[in-house]
Amino acid sequence: MKKIGVLFGMEDTFPGALVERINSMDLDGVSAEFVHIGGVRLDKSPAYSVIVDRISHDIPFYRAFLKHALLNGTFIINNPFWWSADDKFFNYSLAAKLGVAVPPTVILPHKHYPPGTNERSMRNLQFPLNWDEIFEYVGFPAFLKPVDGGGWRDVHHVHNPDEFFRAYDQSRDLCMTLQRAVKFKEYFRCYVVGQEKVHIMPYDPRRPHGERYVLNPPQYDQKLIKRVEKDALALCKALGYDLNTVEFAVEDGVPYAIDFMNPAPDADLHSIGQRNFDWIVEKVAALAVKKAKSAPAIPEFHWGAFLGAAGEPSAKKKTEGKAKSAKKSKSREKEPVSR
């Protein structure tokens, strides 16, 4: 029996609906359940072929368990090794390299020393920073936000240097980014599943939290919609996320990628609405079943393989395979032809 486990925290609607949907498929040899674990033994492989992770970013015990599971062939949605290494500023740098539009962004040093450090730890840091140059590059209004945050925690909308410094003084020992605000007309939040399925949802972050998904959107330019879909796929393929949301703020017809480090995206029925909820449950269920059928997928035991998809052959093995095929072809060429 291939078991699919759902690892979750305080959310109520999505985990149960996902388990119910997978089991309703009545597939021979595949079932789904909530993950149930105690002390994790080093010498024992987890019982799951696939785990859908919704909570390990908040609980180190779960994150360590998932890495152990991946080493033993479990496919994790999403890869816990890569998710541990990722941050928003890297995301923006990657987007720029991929040709996806991103607003001017700067990463800033900690306002207060991180625990266990002092001024001697910062001897490589320019002091004082050239704030005029930073403000000229980014511009105002702007958003000050943590490099690895989420859920709008510690995010400040600032309109001038005075507001910036007041917000920056509250950032404690967090590493922050300052990013130009996009004066958007349209805004989209996109589910991306399996690095191939995209569901574009009109969204308005200015509204109260429970009203941000636009239920009766206007008609949009299809060229814009196609570019949003293309850019969302490009980002998730490059990052390796099989479940993510990508947010775009559109200014003068240009979709700027604002937030795309959401590997446990909001999927609550009461937040996203029935139509969007049905879509995400169906697509994640299909992806989990697909991965379960091909499990176990044990990676090669080196860091590059851990960051990639479990079970993917390494570049070296692919090269060796091509070389062997070429060698066989040459040897066949030398063989006498039968007549």
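The values are calculated or read from the model by the stated rules, or taken from the named source; none is laboratory data. Quick caveat: nothing in here was measured; it's all calculated off a predicted structure. FYI the Cβ positions are ideal-geometry reconstructions off the backbone, even for glycines, and counts take in every protein chain you see. Areas reflect the complete protein model, heavy atoms only, side chains present, ligands, DNA and RNA absent. Shrake-Rupley method; radii C 1.70, N 1.55, O 1.52, S 1.80 Å.
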- Please go through the stretch 86-106 and pick out each residue that is open to solvent by 30 Å² or more (accessible area, probe 1.4 Å) and touching a helix residue (DSSP H, G or I) at 6+ places or on another chain (Cβ under 7 Å). 94, 98, 102, 104
- Task: Identify the single condition in (1) closer than 27 Å to residue 283 by Cα; (2) open to solvent by 20 Å² or more (accessible area, probe 1.4 Å); (3) out of contact with any Lys or Arg (no Cβ under 7 Å at 6 or more places or on another chain); (4) modelled with pLDDT of 95 or more that residue 199 does not satisfy, given that it satisfies every other one.
- Result: (2)
- Message: Going residue by residue through the stretch 114-132, is there one that turns out to be at pLDDT 95 or above, of a type outside the set (Lys, Arg) and open to solvent by 80 Å² or more (accessible area, probe 1.4 Å)?
- Response: yes
- Within the stretch 150-206, which residues are closer than 15 Å to residue 229 by Cα and among the aliphatic types (A, V, I, L, M)? 192, 193, 198, 200, 201
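Report whether or not residue 67 is basic (Lys, Arg), open to solvent by 50 Å² or more (accessible area, probe 1.4 Å) and in contact (Cβ under 8 Å) with a residue 12 or more places away in the chain.
Details: basic (Lys, Arg): yes; open to solvent by 50 Å² or more (accessible area, probe 1.4 Å): yes; in contact (Cβ under 8 Å) with a residue 12 or more places away in the chain: yes.
Here the answer is yes, as residue 67 does meet what is asked.
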- Item | Any pair with Cβ under 6 angstrom, 6 or more apart, that starts in the stretch 199-220 at a residue that is touching a residue at least 60 places away in the same chain (Cβ under 8 Å) and ends at one that is of a type outside the set (Ser, Thr, Tyr) and assigned to a loop (DSSP other than H, G, I, E, B) | 213/273
- Query: If you go through the stretch 248-267 one residue at a time, do you hit one that is of a type in the set (A, V, I, L, M), modelled with pLDDT of 95 or more, more than 22 Å from residue 100 (Cα to Cα) and open to solvent by less than 10 Å² (accessible area, probe 1.4 Å)?
  - Reply: yes
- Condition broken by residue 4, with the remaining ones in (1) more than 27 Å from residue 269 (Cβ to Cβ); (2) part of a strand (DSSP E or B) satisfied: (1)
